[in-house]
Amino acid sequence: MRLIVIGAGVLGTMHAWHAIKRGHRVVHIEREAEARGASVRNFGLVWVSGRAEGEELAVAQRARQLWGEIGAEVPELGFRANGSLTLVRTEAELAVAEEAARGAGAAARGFTLLDPAGARALNPALRGEFLAALHCARDGSVEPRTAQPALRAALRASGRYTFLPGREVRELVGATAVRDDRGDVHYGDAVVLCTGAHLGGLVRELDPELPVRRVRLQMMQTDPLGEQLTTSVADGDSFRYYPGFGGPALDALALGQPQHPTAAEHRMQLLMVQRNDGGLTIGDTHAYDEPFDFDVVEDPYAYLTGLVESLLGRALPPVRRRWAGVYAQCVDTTQVVHRQQVRDGAWLVTGPGGRGMTCSPAVAETTADLLGL
């Protein structure tokens, strides 16, 4: 079979990966010279800990397994099974962590509740103040800015993979061919569109009522820390964001412990992961109402800097870069991804939201099964 994949972010690249690994040929078309959307503007987290029970957790767990397998085959991905620590600073947050650690899904997620000494034994860089830490052994990370090129290099070695950057697909021709903005027609046996947050143009023509929205975020990255951050790190606000922590303790937290005003205004949580060069990727904010601001505002960065310094017990290195990104999320946030057959042999796969880096290998695997690859 010859598969045409549109979009070279992590979701599109994983669809190409599964097709090649199953012995098929792939033509992979990307509108930019290199993917520049949410797939590179994220933490690179493979995040199992907060996923909702049921389909979402099952997809995340399968994806975590696949990331380990693919990472062993393509070391340049920088996959690390480094786990995470969610640091809690109040009794209300501690109650949520305790509830999660004794919950039915705790073993599957690799949850262990640690006191400060236990957390520092696992991650000595955490010399600041906190009450406890929820350890998730199943979490991992990859290098988001280099993952897609590393995967494509491995795909090219098959001899059955063609990458065509700098071409925007404008039209589906029949069921399984596409015309790009240079006028070239590319023929295949099936088409998968993974256009990320680019929901206009051809995508809007295929489905004007697509149940997917866009979300804007802000993040930053520092110079090298000068020591190892052995796990990824989150704060208690992440309990509010991830559905896997829902329950009576979270309800009590929401009612009794208001967020910091800056965190509430920008719908924030702290997530932090160390890059291969030693720098820290830190975020993030969430904005849901379009039109999005084009400014990158400073208040969230100042808040995150103070919070991280309080947990590390030291000053942060200088910030090297700041950025904003936009990702696509299903309006029904309980839905892992929006997968829709738009023509015979043509599928649109979009809207994983903040799950994109985590879940993409398993989402693409399911699409490959549906296509009979």
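The values are calculated or read from the model by the stated rules, or taken from the named source; none is laboratory data. Model, not experiment: these values are computed from the prediction. Every residue, glycine among them, receives a Cβ derived from its backbone with ideal geometry; neighbour counts consider all protein chains shown. Surface accessibility is based on the protein's heavy atoms, side chains included, excluding ligands, DNA and RNA. Shrake-Rupley method; radii C 1.70, N 1.55, O 1.52, S 1.80 Å.
A compact table of results
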{"quantity": "The stretch 1-143: radius of gyration and largest Cα-Cα distance (Dmax), Å", "calculated": "18.4, 57"}
{"quantity": "By average C-beta atoms within 10 angstrom, highest first, the peptides 166-174, 12-20, 327-335", "calculated": "12-20, 327-335, 166-174"}
{"quantity": "Geometric extent, Cα atoms of the stretch 74-169 - Rg, Dmax (angstrom)", "calculated": "19.6, 57"}
{"quantity": "Total charge dipole magnitude, the stretch 299-373, about the Cα centre, Cβ charges on Lys, Arg, Asp, Glu only, Debye to nearest 20", "calculated": "360"}
{"quantity": "Given charges at Cβ of Lys, Arg, Asp, Glu: the stretch 49-170 dipole, positive-most of 118, 169, 66", "calculated": "169"}
{"quantity": "Largest-first principal axis extents of the Cα set of the stretch 202-289 (Å)", "calculated": "50, 39, 24"}
{"quantity": "Folded to 0 to 90 degrees: helix 55-73 orientation relative to the chain principal axis, Cα", "calculated": "80"}
{"quantity": "Estimated inter-spin distance, residue 315 and residue 228, nm [label 7 Å along Cα→Cβ]", "calculated": "2.6"}
{"quantity": "Packing rank of 23-29, 220-226, where each peptide gets the mean count of other beta carbons within 10 Å, highest leading", "calculated": "23-29, 220-226"}
{"quantity": "Separation between Cα centres of the stretch 172-216 and the stretch 249-328, rounded to whole Å", "calculated": "33"}
{"quantity": "Per-pair calculated FRET efficiency, R0 = 30 Å: residue 343 and residue 255 via Cβ, rounded to 0.05", "calculated": "0.05"}
{"quantity": "Quotient of C-alpha Rg and 2.2 N^0.38 Å, computed over the stretch 285-373", "calculated": "1.54"}
{"quantity": "Net charge dipole size for the chain [Lys, Arg +1 and Asp, Glu -1 on Cβ; Debye, nearest 20]", "calculated": "1120"}
{"quantity": "Anisotropy class of the stretch 294-341 from Cα gyration tensor, a/c 1.5 cut", "calculated": "prolate"}
{"quantity": "In nm, spacing of pseudo-spin labels at residue 22 and residue 207 (7 Å Cα→C-beta vector)", "calculated": "2.0"}
{"quantity": "Shape of the stretch 19-63, Cα gyration tensor, a/c cut at 1.5", "calculated": "oblate"}
{"quantity": "Residue (of 104, 40, 370) at the positive-pole extreme of the chain, dipole from beta-carbon charges", "calculated": "370"}
{"quantity": "The stretch 1-157, accessible surface, carbon-and-sulfur percent (1.4 angstrom probe)", "calculated": "53"}
{"quantity": "Rounded if a/c under 1.5, otherwise prolate or oblate - the stretch 245-329, Cα gyration tensor axes", "calculated": "oblate"}
{"quantity": "Label-reachable residues, the stretch 144-171, where backbone N falls under 20 Å from a point 7 Å from residue 32's Cα toward its Cβ", "calculated": "144-154, 163-170"}
{"quantity": "Acute angle (nearest 10 degrees) that the helix 91-101 long axis makes with the longest principal axis of the chain, alpha-carbon atoms", "calculated": "50"}
{"quantity": "Between the stretch 18-34 and the stretch 87-112, the Cα center-to-center distance that results, in Å", "calculated": "40"}
{"quantity": "Charge dipole (debye, nearest 20) of the stretch 148-273; +1 at Cβ of Lys and Arg, -1 at Cβ of Asp and Glu", "calculated": "300"}
{"quantity": "Rounded to 10°, Cα long-axis angle of helix 299-312 versus longest principal axis of the chain", "calculated": "60"}
{"quantity": "Matching label, Rg and Dmax of the Cα atoms in Å computed from the structure shown, candidates (i) 20.6, 63; (ii) 32.6, 104; (iii) 30.1, 96", "calculated": "(i)"}
{"quantity": "Mean ellipticity per residue at 222 nm, deg cm²/dmol - from DSSP H runs of n ≥ 4 across the chain, formula -39500 (n - 2.57)", "calculated": "-9500 deg cm²/dmol"}
